[in-house]
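Reviewing the structure listed below.
The values are calculated or read from the model by the stated rules, or taken from the named source; none is laboratory data. Worth saying up front: this structure is predicted, and the values here are computed from it rather than measured. Here the Cβ positions follow ideal geometry from the backbone for every residue, glycine too, while neighbour counts run over all protein chains shown. Please note that ligands, DNA and RNA were not included when accessible areas were found on the heavy atoms of the full protein model with its side chains. Shrake-Rupley method; radii C 1.70, N 1.55, O 1.52, S 1.80 Å.
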Amino acid sequence: MELGQVGMSGHSDELWGLAVHTTENIFVTAGYDKTITCWNATTHQSVWTTTVAEEAQSADIHPDGSVLVVGLKSGRWMIFDARDGRYIATNVDGNEQHDSVKFSPDGHRLALGSHDNYIYIYNVSDDRQTYERHGRCQGHSSFITHVDWSADSQNLKSCSGDYELLFWDANTCKQATSAALLRDIVWSTYTTILGFDVAGIWPEGADGTDINTVGRNNGASLVATGDDFGKVNIFRFPVPQAKSESAVAHGHSSHVTCVRFINDDSALLSTGGKDTSVMQWSVSA
């Protein structure tokens, strides 16, 4: 694997929110500077920018590219038109930040992983303008850090601050424990930092806080990580073997907060913490 680097500027505080469009080479960043920016990954220029009243923590774009959800640090979450940044709605769940917000692959549901230990699931209207609470997943004993949907939109998996990996039935909001069911699930995304398929991403002697983010490519052949040491690492996926080799990219001067592949897998995006930067890495086999 070979990596090439392009840097983009535009934020003035920590970046944690990063969302990619499913069919176009555009992506969105959301940060503690209360700024949300949509970028063109080909021209490396901003498409639109909007500001909010609070620090932004997470983001995701609907599968059809129509709307954007942004999770804030206060427990609020906001919906915007992904095409021009127009504000649509604000909702509230709890009073703590939402570290992970994810639309289901079929676009009919939205999951929000909160610092209050719950995952909130909403039904999404056909016009993407209305969101109705479907239920709440309860079972983690620490804050939710990462959430993924299954490819059929029927199940979720989640990680928490105490390094626990749980699985959920999205229809009942109950924990799923069937080994046979879990073995056969195909995951639409892979952002959880724990699991058999990513066991080899952890370096020897690492503790649970060293790796902040994981992102698998759409072709399910590569997985990237971002760590506390400013490094972006790319592994062949799956990576179940301990001490697996990776391609390492250096560019961030602070902890890496989020990594995502763009829609055609030709590039990897990474966001930085204290360096407030957005990096775009070209990827070749």
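Brief remarks follow.
- Relative contact order for region 179-285, counting Cα pairs under 8 Å that sit 6 or more residues apart, in percent: 21
- Calculated FRET efficiency for the pair TYR87/ARG133, C-beta based, R₀ 25 Å, to 0.05: 0.75
- Cα gyration tensor shape of region 196-285, rounded if a/c is under 1.5, else prolate or oblate by comparing a/b with b/c: oblate
- Over the chain, Cα pairs under 8 Å with separation of 6+ residues give a relative contact order of 16 percent.
- Annotation: peptides 57-67, 208-218, ranked by per-residue average of other Cβ atoms within 10 Å with the highest first, follow the order 57-67, 208-218.
- A straight line joining the Cα centroids of region 137-189 and region 208-285 runs 23 Å.
- Per residue value of the accessible surface for the chain (all protein chains in place, 1.4 Å probe), Å²: 41
- On the beta carbon distance between GLN241 and ASN95, with R0 = 51 Å, the FRET formula returns roughly 0.75.
- Net charge contributed by nearby residues that have their C-beta within less than 12 Å of SER153 (K/R +1, D/E -1): -2
- Portion, in percent, of the accessible area of the chain that falls on carbon or sulfur, probe 1.4 Å: 46
- Net charge over other residues, Cβ less than 10 angstrom from the Cβ of THR271 (K, R count +1; D, E count -1): -1
- Shape category assigned to region 95-165 from the gyration tensor of Cα positions, a/c cut at 1.5: prolate
- Local charge for THR29 was computed over the other residues whose Cβ lies under 15 Å away, with Lys and Arg +1 and Asp and Glu -1, and equals -4.
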